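Structure, as structure tokens:
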Amino acid sequence: AKITYIEHDGTSHTIDCENGMTVMEGAIKNSIPGIDADCGGACACATCHVYVDGAWKDKTGSAEQMEEDMLDFAFDVRDGSRLSCQIKVSDEVDGLVVRLPEKQF
Ligand code: FES
């Protein structure tokens, strides 16, 4: 599925991510700057924070409790904030757009 990552400065990267990966893994694998993912996807670091574009919220679902708790540690949390290691890539989210925060902590 195609995922578009937009950096804080507006630089946009559209990547073809394999289904079953997470949005975080897709970013790391393709060296997208702006996602650190220090914990490697265990929902334990909050450095894979992204903003899900409003139009995609229904498709990506909402954060589970553990993710919500971890998001408290993220920088500049807003409406649409998610941890990208908790969003799975599938055909459902083909075309997904996520924006990256100014920094991860
Ligand atoms: Fe650590 Fe997502 S990679 S919370």
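Values quoted throughout were computed directly from the atomic coordinates according to the rules given, and no laboratory measurement underlies them. A quick note: this is a predicted structure, and the numbers were derived from the prediction, not measured. Every residue, glycine among them, receives a Cβ derived from its backbone with ideal geometry; neighbour counts consider all protein chains shown.
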*Scanning for something surrounded by 19 or more Cβ atoms within 10 Å (Cβ to Cβ) and touching a Lys or Arg at 6+ places or on another chain (Cβ under 7 Å), does region 61-76 turn up at least one residue?*
no
*Is it fair to say residue 62 is part of a loop (DSSP other than H, G, I, E, B), more than 18 Å from residue 7 (Cα to Cα) and free of Cβ contacts under 8 Å to residues at least 12 places away in the same chain?*
yes
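Here is a yes/no grid of residues against (1) hydrophobic (A, V, I, L, M, F, W, C); (2) out of contact with any strand residue (DSSP E or B) (no Cβ under 7 Å at 6 or more places or on another chain):
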residue	(1), (2)
17	yes, no
36	no, yes
44	yes, yes
55	yes, yes
74	yes, no
77	yes, yes
81	no, no
92	no, yes
100	yes, no
*Could you check residue 32 against (1) aliphatic (A, V, I, L, M); (2) within 13 Å of the ligand (Cβ to nearest atom); (3) within 12 Å of the chain's Cα centre (by Cα) and say which number it fails?*
(2)
*Among the residues of region 41-59, write down those that are part of a loop (DSSP other than H, G, I, E, B), within 14 Å of the ligand (Cβ to nearest atom) and either touching a residue at least 40 places away in the same chain (Cβ under 8 Å) or closer than 18 Å to residue 14 by Cα (or both).*
41, 42, 43, 46, 47, 48
